[in-house]
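Student: Input: one structure, supplied below.
The values are calculated or read from the model by the stated rules, or taken from the named source; none is laboratory data. Small disclaimer: the values here were computed from a predicted structure and weren't measured. Cβ coordinates were reconstructed from backbone atoms using ideal geometry, including for glycine residues, and neighbour counts include every protein chain displayed.
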Amino acid sequence: MSRISKKWTAGLAVCLLLYAAILVFNGLTSSQAQILQPSGIETGLQNYRVFYDKDNGFIYAATYRNILLVYNEAGEKQWELATDGPVNDVAFDYTTGLAYLGCDDRNIYVLESASGRMLEKIDLQRRVYKLDVKPGGDLIIVSSGVSASKNYIFLYDRDWNELLRVDMTTVTFALSFNTEYNGFVTGTNGGEITNYDMSGKKLKQVRIDSEIIDISDNEAGFFAFTKKGRFYAFDHDLNSVYIQRYQDYGDGMSMEMTPDGSWAGIGFRHGDFLLLDDEGLPQFTHRFDAQVTGIAVTNDFTYVTGMGDFFYRLDNRALMTIKQLTAIKQFLFPLVIAVPFILLFLLIMSVLPLRAGTKKFLITIYKHKTAYLLLIPTFALIFVFSYYPVALAFIRAFTDWNMFQQSTRQIRFNGFDNFRKMITEGYFLIGINNMFILLVTGILKTFTMPLLVAKLVFSFSNDRLKYWTRFAFVLPMVVPGIVSTLMWGNIYEPQVGMLNALLERFGFEHLTRVWLGEEATAIWAIVFMGFPFVGVFGFLVYYGGLISIPQDLFDAAKVDGCPAWKNFFTIQLPLIRPQMKLLLMLTFIGSIQDYGGIFLLTKGGPGAATYVPGLEMYYNATRFGQYGYACALGLVMFVAIFAGTLFNNRINANTDLA
């Protein structure tokens, strides 16, 4: 009889092909970065803003070196302008072919946009934040200020005669004429968006969450982007349409929209760039190595720059394709989740023995459903608080996760950089050396004094004496470990400590030391803690092993005239080998993991004399905020412990077979 169902196997094969096709499609559509390419523009300077002159097809690159560089779309430089401060804004008058530059040096420069020839330089005696111009140059509106509390909105005619002045108590970083040019809109660092008529009268004002980075008044409505990373959409009367929140990306830095409002680009301090559709939903994301401070939209491309020498170009012609592909991916996402469960079901149905076993398993669970239902919370808690953190630490060990990142979106994969850092930084290797000293001495202490004391107590013939001696050795267990550690800290204290006092009492003043404060003695002082090294746990394990040996073996050895030392080495020691292996493994694990005593007494010092990997992991996780590096240290320690455990199990297995 066939053990495979052909009908179900055929369904499994079809489902596998379908799932493979879905995964391949997702992989292909996830390669969106191919539409974002270097633009060919290289300023060689730290970029600040970017603006686009649609008449000439020029890209204006404002830099922090007070130089405005102008390129064509092929990346060829056309002209440049040196100023006394960074250019904050550029407004183009396509009717007259002029460009108006608002600068940090308190000037407005009027240039021929095609040639760069300067026509006028207007000294406003105030820093210029934003400006806009009415086609034909009849009206120019400017936001400027001399301090955080003294700011103004000015309206000028073409001859720079002041027509209107609006006193502002906050800085106006966003300003533009409305689409009808019969009023203007402002956005301030106080989160106020205000609609004015041309006489300076407030028509409507709304307050939003934080400093407004930029605004856009276009055919689709009115849009604002804030420092908290929120994207607001209003109608032309400033009635709210929707809010999209992107605060997980950090502080917002820049925004630009297409004239029809169908696409918006927003940039963030930590280098994230998002391309939003007409509903404010991200259709494309990319992370640069520097904050995104400038975005410019052209007919065919969107240019992105920021605090560095980079200029990237996004192909606008592919935007609609991206949106369509994104919609398809959203449709397929439930299938990506559901199909694996369908595949598992088909696999079970295809293999007849597996089907029978699963049926039996499900019947058993159903019969005891109450018990299994009660176990679900336990397993859920174990998964959430035990397995999930461990799995997350494995993943984060290969990232740059640190305390300065404001959200998980800012965490980046850095390969094996954390592991290379362990070798190059030096502290980890010093810690390995100290850990090896503690491991070797720990094993020696485990295999000597506890075993000898257990043998001593076991050898007593008087049961009453055996009981009280055992009780005396176990009694210290009630003292917390931290108390014992601090007690040893007092023993090593250089001024009033017992160790130095004893040396002085017996005439060995020249041997007194700052035991925990000198590099030559600190690690050995840690090793010597716990003298005479009768660990209660080890003592009980050894004693339990000795009392489990059958009395017949001792009687037979006594009849044969076996001396006590030979009895110990040939009978007792081999028979307590499982206990010795257990203690060896526990000592190995404890030596790698433990750093409590070192943390309490020396903090890893003096210098790095008592530094161990566990302490370095603790410091990076709690003091330095290098969480990814701490995870990598934990992963290395886990691998070492796991390898040691496997090695021990292999030896045990070979011994059992022998």
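Student: Counting just the residues of region 342-353 that are surrounded by 11 or more Cβ atoms within 10 Å (Cβ to Cβ) and over 42 Å from the mean Cα position of the chain (by Cα), which one comes out farthest from Val14 (Cα to Cα)? Walk me through it before giving the result.
Tutor: Taking region 342-353 and keeping what is surrounded by 11 or more Cβ atoms within 10 Å (Cβ to Cβ), we get 342-352.
Keeping just the survivors that are over 42 Å from the mean Cα position of the chain (by Cα) gives 349-352.
Numbers: Met349: 14, Ser350: 13, Val351: 16, Leu352: 19 Å.
Per the stated criteria, the residue is Leu352.
Student: Just checking, how many residues over region 615-625 are surrounded by 22 or more Cβ atoms within 10 Å (Cβ to Cβ) and touching a residue at least 60 places away in the same chain (Cβ under 8 Å)? Write out each step before concluding.
Tutor: From region 615-625, those surrounded by 22 or more Cβ atoms within 10 Å (Cβ to Cβ) are 615-617, 620; that's our starting set.
Filter again for touching a residue at least 60 places away in the same chain (Cβ under 8 Å), leaving 615-616.
So the count comes out to 2.
Student: Related question: Take residues that are assigned by TED's automatic domain parsing to the domain that holds Lys603 and over 26 Å from Gly607 (Cα atoms) and tell me which of the helices (runs of 4 or more DSSP H) falling wholly in region 457-573 contain 2 or more. Give the steps one after another, and end with the answer.
Tutor: On the way: elements: 463-474, 481-491, 498-505, 519-528, 536-547, 551-559, 564-567.
In region 457-573, the matching helices (runs of 4 or more DSSP H) lie at 463-474, 498-505, 536-547, 551-559, 564-567.
Student: Would you tally the residues in region 541-563 being in contact (Cβ under 8 Å) with a residue 24 or more places away in the chain and either buried (at least 16 other Cβ atoms within 10 Å of the Cβ) or over 60 Å from the mean Cα position of the chain (by Cα) (or both)?
Tutor: So the answer is 5.
Student: Looking at region 231-262, which of its residues are out of contact with any helix residue (DSSP H, G or I) (no Cβ under 8 Å at 6 or more places or on another chain) and of a type in the set (D, E, K, R)?
Tutor: Of everything in region 231-262, those that are out of contact with any helix residue (DSSP H, G or I) (no Cβ under 8 Å at 6 or more places or on another chain) and of a type in the set (D, E, K, R) turn out to be Asp235, Asp237, Arg245, Asp251, Glu256, Asp260.
Student: In the list Gly187, Gly200, Gly191, which residue meets the criterion of being in the same structural domain as Cys103 (by TED's automatic domain parsing), buried (at least 16 other Cβ atoms within 10 Å of the Cβ) and at positive phi?
Tutor: On the way: Gly187 fails: at positive phi; Gly200 fails: buried (at least 16 other Cβ atoms within 10 Å of the Cβ).
Criteria check complete, one pass: Gly191.
Student: Could you count how many residues in region 158-173 are surrounded by 13 or more Cβ atoms within 10 Å (Cβ to Cβ), assigned to a strand (DSSP E or B) and either acidic (Asp, Glu) or under 45 Å from the mean Cα position of the chain (by Cα) (or both)? Spell out how you get there, then give the answer.
Tutor: Taking region 158-173 and keeping what is surrounded by 13 or more Cβ atoms within 10 Å (Cβ to Cβ), we get 158, 160, 163-164, 166, 168, 170-173.
Still in the running and assigned to a strand (DSSP E or B): 163-164, 166, 168, 172-173.
Going one step further and asking which of them are either acidic (Asp, Glu) or under 45 Å from the mean Cα position of the chain (by Cα) (or both), we end up with 168, 172-173.
Going through region 158-173 one residue at a time, the tally reaches 3.
Student: Could we say that Asn567 is touching a residue at least 24 places away in the same chain (Cβ under 8 Å), surrounded by fewer than 20 Cβ atoms within 10 Å (Cβ to Cβ) and not small (Gly, Ala, Ser) here? Quick ask: steps written out before the conclusion?
Tutor: Values: touching a residue at least 24 places away in the same chain (Cβ under 8 Å): no; surrounded by fewer than 20 Cβ atoms within 10 Å (Cβ to Cβ): yes; not small (Gly, Ala, Ser): yes.
Against the criterion (touching a residue at least 24 places away in the same chain (Cβ under 8 Å), surrounded by fewer than 20 Cβ atoms within 10 Å (Cβ to Cβ) and not small (Gly, Ala, Ser)), Asn567 does not qualify.
Student: Also, I was wondering about something else. Determine whether Phe638 is closer than 30 Å to Ile491 by Cα, modelled with pLDDT of 90 or more and not hydroxyl-bearing (Ser, Thr, Tyr). Step through it out loud before you land on a result.
Tutor: Details: closer than 30 Å to Ile491 by Cα: no; modelled with pLDDT of 90 or more: yes; not hydroxyl-bearing (Ser, Thr, Tyr): yes.
Spelling it out, it is not the case that Phe638 is closer than 30 Å to Ile491 by Cα, modelled with pLDDT of 90 or more and not hydroxyl-bearing (Ser, Thr, Tyr).
Student: Another question, if that's okay. Looking at (1) of a type outside the set (Gly, Ala, Ser); (2) in contact with a helix residue (DSSP H, G or I) (Cβ under 7 Å, 6 or more places away or on another chain); (3) more than 30 Å from Ile523 (Cα to Cα), which one does Val474 not meet, given that it meets all the others?
Tutor: For Val474, the failing item is (3).
Student: Determine which single condition Ala233 fails, assuming it passes every other condition in (1) farther than 29 Å from Leu45 by Cβ; (2) free of Cβ contacts under 8 Å to residues at least 40 places away in the same chain.
Tutor: Here Ala233 meets the rest and fails (2).
Student: Of everything in region 583-610, what is part of a helix (DSSP H, G or I) and hydrophobic (A, V, I, L, M, F, W, C)? Give them in sequence order. Walk me through how you get there before you give the answer.
Tutor: Step one: list which residues in region 583-610 are part of a helix (DSSP H, G or I), which gives 583-593, 596-601.
Hits for region 583-610 are Leu583, Leu584, Met585, Leu586, Phe588, Ile589, Ile592, Ile598, Phe599, Leu600, Leu601.
Student: Test Gly267 against the stated conditions and say whether it is at pLDDT 90 or above and among the small types (Gly, Ala, Ser).
Tutor: On the way: at pLDDT 90 or above: yes; among the small types (Gly, Ala, Ser): yes.
Yes, satisfied.
Student: Go through (1) over 27 Å from Pro563 (Cβ atoms); (2) touching a residue at least 24 places away in the same chain (Cβ under 8 Å); (3) hydroxyl-bearing (Ser, Thr, Tyr) and name the single condition Thr448 misses.
Tutor: (1)
Student: Anything in region 263-275 that is surrounded by fewer than 23 Cβ atoms within 10 Å (Cβ to Cβ) and either out of contact with any helix residue (DSSP H, G or I) (no Cβ under 8 Å at 6 or more places or on another chain) or at positive phi (or both)? List them, or say none.
Tutor: Passing the criteria: Arg269, Gly271.
Student: Is it the case, given these coordinates, that Val241 is touching a residue at least 24 places away in the same chain (Cβ under 8 Å) and either more than 27 Å from the chain's Cα centre (by Cα) or assigned to a loop (DSSP other than H, G, I, E, B) (or both)?
Tutor: no
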